[in-house]
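Comments concern the structure below.
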Amino acid sequence: MSSLKQTLALLSWLFLASCSRHSTSESLPVDPSITACEPLKALQLPSGLTVPSEDKRYQIPPKPVSSLIASPLDIRPPIQPLALLPGSEAYYQGKQAILQLEQTTDTPLLWQRLKQWLVQAGITTITQDDRHSVLVTDWITADTLDEKKEYSARYRLSLTSKTPAMLISELIALKRPLEHLPQDQKQKTNPAALSQERTPTASEQRHYAILMLNRLITDLAKPTTAAETPVQVTPPPKS
């Protein structure tokens, strides 16, 4: 009876430990050997059977297996741009995370608030064009709950003056450990190069551009202090 209790206690502990285990994996590795499968063999019919006549309209042309099939899958939680300012609309398009603003938004004031936020966040800029409301940040090092290690990124932030006005976040450079590389490739790669600046993947381009826009908009949408100027939306004139 005592051994049975010990066994049940051990099984319960293992069950709870497996349930509480938190995975920090960001990508699901895929075995590249799946692209090296054998081609389809010719159909062999038993004697006495005939094959229907061929019709070129239904022929499937051979196509090489894409390398994307064997690429690691990003399994981080999905992220969407947030529309937190009144009357705004947020979406991702063409490598840019975009917040489309209400037509009556005071865009010069919003640009000043954006620059104030960068200063308060300790983010320096490399270039800044106030005339066209475009700036490029220096390296920003941060981490999130779904990142194994901190990452560094540079962004182009802009505010268009056309109607409707748009606040745009675009990732232009990334430094991030190459965690998804197979072990044999890591051994062949210079360790210093694993965290050097590199071209972001399409998934990273989307993920970090939206991450920056959401971080920016979340702070701009907060109640302001006396030293800050709130972003105002002027009501349209009455007809």
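Annotations for the structure displayed:
- Scan of the range 106-165 for residues that are under 30 Å from Gln196 (Cβ atoms) and of a type in the set (Val, Ile, Thr), ordered by number: Val119, Ile123, Thr124, Thr125, Ile126, Thr127, Val134, Val136, Thr137, Ile140, Thr141, Thr144
- Top-ranked residue of the range 82-126 - restricted to ones that are over 21 Å from the mean Cα position of the chain (by Cα) and of a type in the set (D, E, K, R), ranked as least open to solvent (accessible area, probe 1.4 Å): Arg113
- Cβ pairs under 6 Å, 6+ apart, first in the range 200-220 and over 15 Å from Tyr91 (Cα atoms), second open to solvent by less than 50 Å² (accessible area, probe 1.4 Å) and not aliphatic (A, V, I, L, M): Asp219/Trp117; Leu220/Arg113
Residue-wise test of (1) among the acidic types (Asp, Glu); (2) open to solvent by 60 Å² or more (accessible area, probe 1.4 Å); (3) at pLDDT 80 or above; (4) farther than 27 Å from Pro164 by Cα.
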{"residue": "Pro191", "(1), (2), (3), (4)": "no, yes, no, yes"}
{"residue": "Pro200", "(1), (2), (3), (4)": "no, no, yes, yes"}
{"residue": "Gln205", "(1), (2), (3), (4)": "no, no, yes, no"}
{"residue": "Tyr208", "(1), (2), (3), (4)": "no, no, yes, no"}
{"residue": "Arg215", "(1), (2), (3), (4)": "no, yes, yes, no"}
{"residue": "Thr218", "(1), (2), (3), (4)": "no, no, yes, no"}
{"residue": "Ala221", "(1), (2), (3), (4)": "no, no, yes, no"}
{"residue": "Val233", "(1), (2), (3), (4)": "no, no, no, no"}
{"residue": "Ser239", "(1), (2), (3), (4)": "no, yes, no, no"}
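The values are calculated or read from the model by the stated rules, or taken from the named source; none is laboratory data. As the structure is a prediction and not an experimental result, all values here were calculated from the model. Please note: Cβ atoms are built from the backbone with ideal geometry, for glycine as well, and neighbour counts cover all protein chains shown. Side chains are part of the model used for accessible areas, which takes the heavy atoms of the whole protein and leaves out ligands, DNA and RNA. Shrake-Rupley method; radii C 1.70, N 1.55, O 1.52, S 1.80 Å.
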